[in-house]
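Here is the structure we will look at, set down as structure tokens.
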Amino acid sequence: MLHDVTDAVYKGDYLIEIGFDDGTRGIVDFSTYPSMGGLFRKFKDMNFFRGFKVSRDLGTLVWSDEVDVAPETLYEEALKSKPTRKNKSST
């Protein structure tokens with residue numbers, strides 16, 4: 001099942017805490033992305049990297065409407081970081 005990104009908070013360095021529509025939250029480490037090349041090379045510029053936003057239309061993080069990461073990739077990475085799950089009934 002595909003989960004959309006609902007919010008994100010910059011945590012320092014290449015770390016972003018991401019929340020998903022099922023209540024899952026986790027921290028994704030993007031430190032390997034700049035070495036992947038292509039558009040991800042832009043992440044070497046920390047001002048660019050910190051300029052992310054949540055695209056409600058795409059359900060993921062975007063940078064300057066030119067770089068994005070698939071929400072399923074972000075979800076998988078967030079699950080690796082000892083994620084928390086907010087109980088939807090308590091919101």
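The values are calculated or read from the model by the stated rules, or taken from the named source; none is laboratory data. All values reported here derive from a predicted model rather than from experimental measurement. Every residue, glycine among them, receives a Cβ derived from its backbone with ideal geometry; neighbour counts consider all protein chains shown.
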Sole residue being in contact with a Leu (Cβ under 6 Å, 6 or more places away or on another chain) and closer than 19 Å to T84 by Cβ, chosen from D21, D29: D29
Qualifying residue in the range 59-66 (condition: touching a residue at least 40 places away in the same chain (Cβ under 8 Å) and not aliphatic (A, V, I, L, M)): yes
Residue in the range 57-64 that is β-branched (V, I, T), surrounded by fewer than 17 Cβ atoms within 10 Å (Cβ to Cβ) and closer than 19 Å to S81 by Cβ present: no
Residue selected from the range 65-91 under the condition in a loop (DSSP other than H, G, I, E, B) and at pLDDT 95 or above, by the criterion surrounded by the fewest Cβ atoms within 10 Å (Cβ to Cβ): A70
Residues (part of a strand (DSSP E or B), of a type outside the set (S, T, Y) and over 14 Å from A78 (Cα atoms)) located in the range 8-63: G12, F52, K53, V54, V62, W63
Of all residues making up the range 35-48, the number that are under 13 Å from V67 (Cβ atoms) and in contact with an Asp or Glu (Cβ under 9 Å, 6 or more places away or on another chain): 2
